[in-house]
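Down below is the structure, laid out as structure tokens.
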Amino acid sequence: MEIVPTFVPNLYAFQFPNEQFDELDRVFDEWNDPLFLLDFFTENEADLKGSHTIGEAIIKTKNEAKKFDKRMLDLAIANPHKLNEFFANLYNNEYRPSELQRQKAKQNWLRLYALKITQEDKEDLYVITGGMIKLTKNMEDKPHGEFERNKINQCRDYLKTIGVYDLESFYEICF
């Protein structure tokens, strides 16, 4: 695993071995790929529950991905602290801050997952671990959601294993 900087200040992404793109690029590439979206919505058509045709879901996803990307960039450029407005705890019932806290950003049914790295009196940063189209209530309801949950936990365990627990250790070990 490698961690790479993105075009957004205070935002990094995991790049997995043998993968061409880091996770941020991979996710947005999928959300804009009509063939990927056709396959995805064909396989998960029942989860649309008749609210959208497959064609409408593809168009909606591409439009939402553009809005998502713009919102993320606008917040980060305005002030890197604004990324705290973009991300929230992965699970809605988590209220206490924790080391390498699992986070999500949402735009309609699109989800971006990250680990939040903090240190008192410093700007938080986020490391993207993946993302998905979430059509069901819980991410674990579908294999692709469980895969993303396992991936965020794997990334978190990896950072702990190499000794990352705050911003200072992140920069020291990863850059």
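Show the residues, 5+ positions off or on another chain, whose built amide H is closer than 5 Å to the amide H of Ile3.
Sorted by chain and number, the residues that satisfy this are Gln15.
As a quick test, which of the pairs Lys49/Lys70; Lys66/Lys116; Lys49/Lys134; Lys62/Lys137 have an alpha carbon distance above 19 angstrom in this structure?
The pairs that break the limit, which is 19 Å between Cα atoms, are Lys49/Lys70; Lys66/Lys116; Lys62/Lys137.
Estimate the FRET efficiency between Lys67 and Ala46 by the formula 1/(1 + (r/R0)^6), using the beta-carbon distance for r and 25 Å for R0, to the nearest 0.05.
The formula returns an efficiency of 0.45 here.
Under 1.5 on a/c is rounded, so check that first for the chain, then, if it is not, pick prolate when a/b is larger than b/c and oblate when it is not; a ≥ b ≥ c are the square roots of the alpha carbon gyration tensor eigenvalues.
prolate
By how many nm would the segment from Asn138 to Asp33 grow when fully extended, if each residue of separation counts as 0.36 nm and the alpha-carbon distance is taken off?
Between Asn138 and Asp33, full extension yields an extra 35.4 nm.
Residue by residue, what Karplus-based ³J(HN,Hα) values in Hz, rounded to whole numbers, does segment 99-115 have, using 6.51, -1.76 and 1.60 with θ = phi - 60° and x for Gly and Pro?
Coupling constants for segment 99-115: 5, 6, 5, 6, 10, 9, 10, 10, 9, 6, 9, 8, 10, 10, 10, 8, 10 Hz.
Would you mind putting 150-156, 47-53, 3-9 in packing order, based on average other-beta-carbon counts within 10 Å, highest first?
150-156, 3-9, 47-53
Once amide H atoms are placed 1.01 Å from N in the peptide plane, what residues at a sequence separation of 5 or more from Asn108, or on another chain, have their amide H within under 5 Å of its amide H?
none
Hey, with R₀ at 30 Å, roughly what FRET efficiency would Asp74 and Thr161 work out to, going by the Cβ-Cβ distance, to 0.05?
Efficiency computed from Cβ-Cβ geometry: 0.30.
Using the Karplus curve 6.51 cos²θ - 1.76 cosθ + 1.60 with θ = phi - 60°, what ³J(HN,Hα) values do you get for each residue of segment 3-19, in whole Hz, with x for Gly and Pro?
Result, ordered by residue: 10, 10, x, 10, 6, 9, x, 6, 10, 10, 9, 6, 10, 7, x, 6, 9 Hz.
By how many degrees, 0 to 90 and rounded to 10, does the Cα axis of helix 143-161 deviate from the longest principal axis of the chain?
10
Taking the chain as a Gaussian network, where each spring joins two C-alpha atoms under 10 Å apart, which residue of Asp141, Asp121, Asp25 fluctuates the most?
Asp121
How large is the helix-only mean residue ellipticity at 222 nm for the chain, computed as the sum of -39500 (n - 2.57) over DSSP H runs with n ≥ 4, divided by its residue count, in deg cm²/dmol to the nearest 500?
For the chain, the value works out to -13500 deg cm²/dmol.
Which whole-angstrom value gives the distance between the alpha carbon centres of segment 1-75 and segment 109-175?
Cα centres, segment 1-75 to segment 109-175: 16 Å.
Could you tell me what percent of the accessible area of segment 45-170 is made up of carbon and sulfur, with a 1.4 Å probe and every protein chain present?
47
For Glu146 paired with Tyr171, estimate the spin-label separation in nm (one decimal), with each label point 7 Å from Cα along the Cα-to-Cβ line.
With each label placed 7 Å out from Cα toward Cβ, I get 4.1 nm.
At 1.4 Å probe size, with no ligands or nucleic acids counted, give the accessible surface of Tyr171 in Å², nearest ten.
Tyr171 exposes around 90 Å² with every protein chain in place.
The values are calculated or read from the model by the stated rules, or taken from the named source; none is laboratory data. This one's a predicted model, so the numbers in the text were calculated from it and none came from an experiment. As a convention, Cβ positions derive from the backbone with ideal geometry for all residues, glycine included, and neighbour counts pool all protein chains shown. Protein only, heavy atoms only, side chains kept; ligands, DNA and RNA dropped before computing areas. Shrake-Rupley method; radii C 1.70, N 1.55, O 1.52, S 1.80 Å.
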